[in-house]
Each structure stands twice: as structure tokens, then as C-alpha cells.
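Comments concern the structure below.
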Amino acid sequence: MLPLQTLRENADAIALAMDKRGLDARPIVSKILNLDQERRNLQARLDQTLAEANTASREIGQLFKAGKPAEANALKETSSHLKAQSKELQEQLGIAAEALQEALYLLPNTPNDLVPAGQDEADNEIVYQWGEIPTLEADALPHWELAGKYDLIDFELGVKITGAGFPVYKGKGARLQRALISYFLDRNTEAGYQEIQVPHLVNEASGYGTGQLPDKEGQMYHVQEDNLYLIPTAEVPVTNLFRDVILEKAELPVRYTAYTPCFRREAGSYGAHVRGLNRLHQFDKVEIVRVETPEHSYEALEEMVSHVKGLLESLNLPYRILRLCGGDLGFTSALTYDFEVYSTAQQRWLEVSSVSNFEAFQANRLKLRFREGGEKPQLAHTLNGSALALPRILAGLLENCQEAGGIRIPEVLVPYTGFDRIS
RNA sequence: GGAGGAAUGGCAGAGUGGUCGAAUGCGGCAGUCUUGAAAACUGUUGAGGGUCACACCUCCGGGGGUUCGAAUCCCUCUUCCUCCGCCA
């Protein structure tokens, strides 16, 4: 949700930037501005009425004290009338405020200047590429076959106990998962992110706070009984730690890292591209989240990008970085870099990380602010990124590190796995 | 799950119908004093809306109600505490 103040001051520039999303925001922006004006007019009238009512009430009190009940009772009538009036205004105001809120919810974040215009993923801009794509033997296998061959992952068992997209990791496969989680958490901690463990279910308010609701209602698993949502990413609980929080500027930046499983309904995804680990309903991810001042948020984004680069390079996975175009940019993001690892056996790039700056978009919903000295609180900027999502990393590792008769474990992981080869 | 109690400003804690946005203490900030610091003293110190700035309006866990008037009374939800039950 864009801050109203920003919209009032930069309506034209915002609408122009939204064009890059392929969205003509002009109608909704002007609707918002009109509703805002209407809301303010109503608010002013209501305030005026309430002020009069307050004055009358005070006078009534004083008249009673002064022993003038007749005059007091006469004033009561005025007061009652004002009250009725204010109730009506209150209702109108409520309607206007709700309409305004709904309109604001419909408007995505303003793309940063760097965001290229474009329709879809084909228009994303490749800004960086690293590593050599290994040449594999002719009989190289995709990861889902490797997983079966070495008994690392059992997809059928997952289907049996839950359903498609809920794999069961076994033996060295399970150990490798745990190793990756520990490794990522350790690296993130070394880079200054504080490890934190958060709930895997969140309430409705948290869903709204980070923007999953009302937008992506159908993408989350919903526990009706208690009205809780299974988290689609650690971003939701971690960022919501700061809902309704005013930080001192000295407390910034905030840097957290958290491992959580992630649950996604992925309604509407089918086909060969969702095979194996490519797309799951439950997967593991280590996330990094930052809260920054507006001046530093883009610097922070760059830092996060280079941190993720370091992780991938340490695993020796060939990757590229995409700057998402307007059409592919998430609803809440102002600028996003996607990291893709080359999956050699599948001969395609797999997204393993997404690093974004949300500027004040989430903070505005969250009411996450910071304050310096006696200054008025102002909205902070929030950022997050995957560091990293496990399944496709695992897919990449299995496929790219396969050799005759086994799979080689990257050196940095060996202290965590306790083995250097799967065979 | 059952029975009681509670929820007030950054924290602690008064306030049971009429200038209460709210005493007091602690903390924070500024100043006096000091070579500097501490102590002491003085002042200041919630958020949002609104305004050029004032005025003014809203907020005492959330929602609703009673009343001319609610932090204070009623209903309801949530959360926390104590006891009982159950339990990793």
C-alpha cells in the first residue's frame, strides 16, 4: 500500500512508472485522490460537529454543577441533535474510508527507475552471470531420477501421506537438506543477520501486513477453524514482527535471518516444469529480512545481492541475476533481483532466490516507522531475499555435480553433511 | 476444556460518569551546575487525522451499547495471570 502522502505529491510520476507494469494506474490513482478528498471533507465536518457536541456537553456539566438544571436540560436537546448528526457523518466517513482503503489495496508498488518496462519474464533483464555450465556425460539424469537412484527423495511416499508436492527426504537426502539449512544460516549470521525462529502459522493481520492479503488469498493454505494461514515464506512472520512498531533510528538497520518451511498452494501450476523439486507445496527456505532507512535501502539491496552471490559461488553453482521487468515484478516490490541456477540436466534456469526492496509499501501497511530524536516518526523501508530456497538448489547440486557413479558434495557443505559423496 | 482475576502512555502505576490525553515514579531528551562526568535541580517527553501555522478531532486491548457526556457503566471478542483438567 503506497502512502497517501506520496500519492498526493507524486501522482503523475507514479502513474507513469506504473506503465512499466503494463498497468494504467491513472483511473485508480485519481479515484484514490478523489476518495481521499472526500474522506477529508467528511472528516472535517465530523470534527466540527463533534467539537460543538463536546462544548455543549461540557456546558451541561457546568450548568448542573451551578444548579441550573432547566438550562442544562435545554442544552441536552442541542447535544442530542448534534449527536444524531455526527452519527450520520460517521457512517459516511466509514464508507468513504473503506472505499479509499480498498482502492489503495488495489494499487501495486511503484517500480523503481531501474525496472525495465516489459510484459513478462521474457522481458526481464539479465544483469549478471557467473560460473561455467558443466558438460555432463551423455547419460546425465535429471534430479528426480537421481533422487530415486540414490534413494534421497521419495515423491510417491509424500503423495501417499499428503499429496503431490510434498516430498519425503531420506537418508543422505535428508541430511543434505539439514546441511544446507545450517550452512545458509551460518553464512547469513556471519554476514550480520541475526538468526530467529518464528511461527509457521500467522493470523490475518500478518497476511495483510506484508501484502499476501487480500491480494493472494488463494495462494496460502488457510486453517479455517482458527483463521490462521500457513506461511508461504518467512518474510511474513519476520517482517510482521515489526507491525505497529516505532524504532529508534539507532536501532536500524535490522537484519534477520530465519529458516522456515514454506507452504504454497500453487493453484494453477501444472506440467513438466513442475516436476520433481521444481515446484512444491511445501519446501524449505532460509530468508533474510532487513529494515532500513529510506536513504540506505538501495545500498542494502545491493549488499543482499552480493551476499546471495557469495552463497551461490561457494556452492559453485552457475547462476545469473535478472532484474525483473515491470510485468513480472511482484505486487509489493519496487525492485527485485531474481537469482537463477542453471540446471544442467534439465537445461533450464531455476529460480533460487528473489531479493526485493519494498520501500515503504509494506511499512505503510505494517505501520513500521522509525524516529530520530524528537522528530516525527517516518516510514521505514523493508527488504527481503531468499538466502536460499532449498529445493532448486538441491536440484542444481544433484544435477550439476553428478559424475560417474555418484554425486560430489561441494566442499563447503562437507563439514555439515559429514560425507563428501553420494553414491 | 472448566473456574476466577486482569488489560491505562517506553516501563511501572493512579484514576469507578463531567476540561482526563490521563496523577505520580522510572526511563528518554534539553538545560543549569561541573574542567568533564555523576548527583542534584529546572523544563520537556505518546500516536494518528487536520491546518501555512494554530484551532480542532480521534485513540486508555479490539468491536458494539447506555448517556447530553465514558478510561470509568453494560454486552461481546481477544490476550495475559492464577487454580483445576489434559498433554509434547
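Assorted remarks:
- Subset of region A:362-372 (residues that are part of a helix (DSSP H, G or I) and either in contact with a Leu (Cβ under 8 Å, 6 or more places away or on another chain) or within 11 Å of RNA strand B (Cβ to nearest atom) (or both)): A:Gln362, A:Ala363, A:Asn364
- From the options A:Leu75, A:Leu82, A:Leu63, residue that is open to solvent by less than 60 Å² (accessible area, probe 1.4 Å), more than 7 Å from RNA strand B (Cβ to nearest atom) and within 49 Å of the chain's Cα centre (by Cα): A:Leu82
- If only residues of region A:336-356 that are touching a Lys or Arg at 6+ places or on another chain (Cβ under 9 Å) and among the aliphatic types (A, V, I, L, M) are counted, the one that is surrounded by the most Cβ atoms within 10 Å (Cβ to Cβ) is A:Val352.
- In the set A:Glu375, A:Glu399, A:Glu359, only one residue is within 16 Å of RNA strand B (Cβ to nearest atom), assigned by TED's automatic domain parsing to the domain that holds A:Pro237 and either open to solvent by less than 10 Å² (accessible area, probe 1.4 Å) or part of a loop (DSSP other than H, G, I, E, B) (or both); that residue is A:Glu375.
- Candidates are the residues of region A:19-54 that are buried (at least 16 other Cβ atoms within 10 Å of the Cβ) and not in a helix (DSSP H, G or I); the one that is nearest to RNA strand B (Cβ to nearest atom) is A:Ala25.
- A:Gly67 meets the conditions (1) part of a loop (DSSP other than H, G, I, E, B); (2) more than 30 Å from A:Pro116 (Cβ to Cβ); (3) at pLDDT 90 or above in every case but one. The failed one is (3).
- Residue within region A:295-316 that is basic (Lys, Arg), at pLDDT 95 or above and crowded, with 20+ Cβ neighbours inside 10 Å present: no
The values are calculated or read from the model by the stated rules, or taken from the named source; none is laboratory data. Keep in mind the model is a prediction, meaning the values are calculated, not measured. With ideal geometry, Cβ positions are generated from the backbone for all residues, glycine too; neighbour counts draw on all protein chains shown. Note: areas computed on protein heavy atoms with side chains; ligands, DNA, RNA excluded. Shrake-Rupley method; radii C 1.70, N 1.55, O 1.52, S 1.80 Å.
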